[in-house]
Amino acid sequence: MALSDARKNGIITMEFCSFMRQMGAVKSFKQERYTYKNQACQIFKDKDDGEATAKANAAKKAVKTIIDKGFDLPPDLRFYCTSNYEVQNRAFNKDAAWNTVSWITLGTTALQGGRPDATSSMNIAGFCKGDITCIHEIGHALHAAARGDDFHDPAANLTGRAANAAAVSGYAASNKKEFVAEVFAGLMVGRHFSTAVMDEYMQYGGPH
Ligand SMILES: [Zn+2]
């Protein structure tokens, strides 16, 4: 089912405008282009964020990890590292003209804190919390790009709670989009899931 223009405009107002407001509050960004195996993304570092370099390193580790697992980066992948208190770790996937973008904001809980029941808080060799947070957000971006408008359609099968969430993480039980991002993050860092989990992940169009 196609999304109405009214609904698209509502999403643009809610999401893109909040992205613009939050990033507009940053005085100055230092921009960096990062390329790995011929795939590129942009990293924006708030000059007032003392953790910006560490967040950028986590973003690079995430990009390397997913490319090494055989994935292409989602469209127009950017990371915005800032200490602006309003900013959450989040993937925005539509610009003002409804183009698909992958603009990931990394706020004050990118490297520590945040939800203790998320995959990012698990003790996984070779990955710190920031790395897994970035992989999780890229998972949302890949999922949104794969599903298209359907990602925002309340009539699609992405609302409500995933049946197999408990086998993934506490955070995965939030809703089906979080389930997909948590399974993706788990797979990228070497977790293994049951057939039931993987079947459900595929049913929602999880990145594969
Ligand atoms: Zn998420």
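Summary of computed values
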item: Test set (1) of a type in the set (Gly, Ala, Ser); (2) open to solvent by 40 Å² or more (accessible area, probe 1.4 Å); (3) at pLDDT 95 or above - Gly130 fails condition number; result: (2)
item: Residue match in segment 172-189 (condition: β-branched (Val, Ile, Thr), touching an Asp or Glu at 6+ places or on another chain (Cβ under 9 Å) and away from the ligand (no atom under 13 Å from the Cβ)); result: yes
item: Search result, residues across segment 126-166 that are away from the ligand (no atom under 16 Å from the Cβ), of a type in the set (A, V, I, L, M) and in contact with a helix residue (DSSP H, G or I) (Cβ under 8 Å, 6 or more places away or on another chain); result: Ala156, Ala163, Ala166
item: Check on Thr159, among the hydroxyl-bearing types (Ser, Thr, Tyr), closer than 27 Å to Glu51 by Cβ and out of contact with any strand residue (DSSP E or B) (no Cβ under 6 Å at 6 or more places or on another chain); result: no
item: Cross-chain or 6+ apart pairs with Cβ under 8 Å, segment 157-183 first and among the acidic types (Asp, Glu), then at pLDDT 95 or above and open to solvent by 50 Å² or more (accessible area, probe 1.4 Å); result: Glu178/Tyr171; Glu182/Tyr171
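The values are calculated or read from the model by the stated rules, or taken from the named source; none is laboratory data. Note that the structure is predicted; figures quoted are calculated from it, not measured. A quick note on method: Cβ atoms are made from the backbone with ideal geometry, for glycine too, and the neighbour counts reach across all protein chains shown. What goes into the accessible areas is simple: the full protein's heavy atoms, side chains included, and nothing from ligands, DNA or RNA. Shrake-Rupley method; radii C 1.70, N 1.55, O 1.52, S 1.80 Å.
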